[in-house]
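I'd like to ask some things about the structure below.
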Amino acid sequence: AQSFGVNDEWDGSPPAKVFQFLRKFSKACDDNNISEGEAFYILQDFTKEPLKSEVMMVIPTRRAGNPGEVTSYLDLINWMIRRHFDAASVATLVETLNVAVQRDDEDELSFAERLRRINTECGFMYGKGALKGRFVEGVHRAARATVRERNTPGMTMAELARVAQTKGD
């Protein structure tokens, strides 16, 4: 629970957060050597109502009193995705991210933050490198060549935004 984060429990909304939640839960299980068999039963402990009740209804009880709708960790993950993933809303967010460009009234740091926010809403569909690439392509023309040239794998998005800001002024 400590490595997962108390405030990271999920209640089933918004739909795109299913991927973010599952990725974080999986990482916490891996970091603490929790098997898929144990994760199957503790996933409900990291959910809020109404999702918590839904999960409890579909998994079998540990004493096999209730056979449940899902029988494995993978079944439970697939159930959560089918139940809570809204393809249309996520597709809209992904398209928004794919075409994002810096607005005239937006500085480079604000643009970088907007990209990070949209990526979070998309369930972190873009990795760090791809997100920085999206930033490079979307930044104002005056800074684009310099930013493209200065972008290195070890550079953070904030550092890249600062480079763009100084070159764009």
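What's the Kirkwood radius of segment 94-165 in Å, using all Cα pairs?
Values: mean 1/r = 0.0841 Å⁻¹.
Roughly 11.9 Å, rounded to one decimal.
What net charge is computed for the residues neighbouring Asn32, neighbours being all others with C-beta under 14 Å from the C-beta of Asn32, Lys and Arg scored +1, Asp and Glu -1?
Details: positive: Lys24, Lys27; negative: Asp30, Asp31, Glu36, Glu38, Asp45.
For residues surrounding Asn32, the net value is -3.
Among the lysines, which fall within straight-line cross-link reach of Lys17, defined as a Cα-Cα distance under 16 Å, with same-chain neighbours fewer than 8 residues apart omitted?
Lys17 reaches Lys27, Lys48, Lys52.
Can you give the angle from 0 to 90° between the axis of helix 128-138 and the longest principal axis of the chain, with both taken from C-alpha atoms, to the nearest 10?
Approximately 40 degrees, to the nearest 10.
Follow-up. By how many nm would the segment from Thr156 to Ala142 grow when fully extended, if each residue of separation counts as 0.36 nm and the alpha-carbon distance is taken off? Can you show the working numbers first?
Details: separation 14, 0.36 × 14 = 5.04 nm, distance 2.04 nm.
So the chain would gain 3.0 nm between Thr156 and Ala142.
Next up: From the helices alone, meaning DSSP H stretches of at least four residues, give me the mean residue ellipticity at 222 nm for the chain, per-run term -39500 (n - 2.57), in deg cm²/dmol to the nearest 500. If you can, show how the numbers build up before the last one.
Working: 9 runs with 101 residues, N = 169.
Only helices count here, giving -18000 deg cm²/dmol.
Which value, in Å², gives the accessible area per residue of the chain when a 1.4 Å probe is used on the protein heavy atoms? Intermediate results must be reported in sequence, preceding the final value.
Numbers: 9680 Å² over 169 residues.
That works out to 57 Å² for each residue.
Oh, and also: Counting pairwise Cα distances across the chain, what percent come out greater than 25 angstrom? Please list the in-between numbers first.
Working: 6478 of 14196 pairs.
In whole percent, the share of Cα-Cα pairs in the chain beyond 25 Å is 46.
Nearest 10 degrees, 0 to 90: what angle lies between the long axis of helix 73-84 and the longest principal axis of the chain (Cα atoms)?
With rounding to tens, the tilt is 60 degrees.
Separate question: For the chain, take the longest principal axis of its alpha carbons; what is the angle in degrees between that and the long axis of helix 157-168, to the nearest 10 within 0 to 90?
20 degrees
Taking all protein chains as present, what is the carbon and sulfur share of the accessible area of the chain, in % to the nearest whole number, probe 1.4 Å?
Numbers: 5020 of 9680 Å².
Solvent-exposed carbon and sulfur of the chain make up 52 percent of the total.
The values are calculated or read from the model by the stated rules, or taken from the named source; none is laboratory data. It should be emphasised that the depicted structure is a prediction, and the values quoted were computed from it without experimental measurement. Every residue, glycine as well, gets a Cβ built from its backbone with ideal geometry; the counts of neighbours run over all protein chains shown. Please note that ligands, DNA and RNA were not included when accessible areas were found on the heavy atoms of the full protein model with its side chains. Shrake-Rupley method; radii C 1.70, N 1.55, O 1.52, S 1.80 Å.
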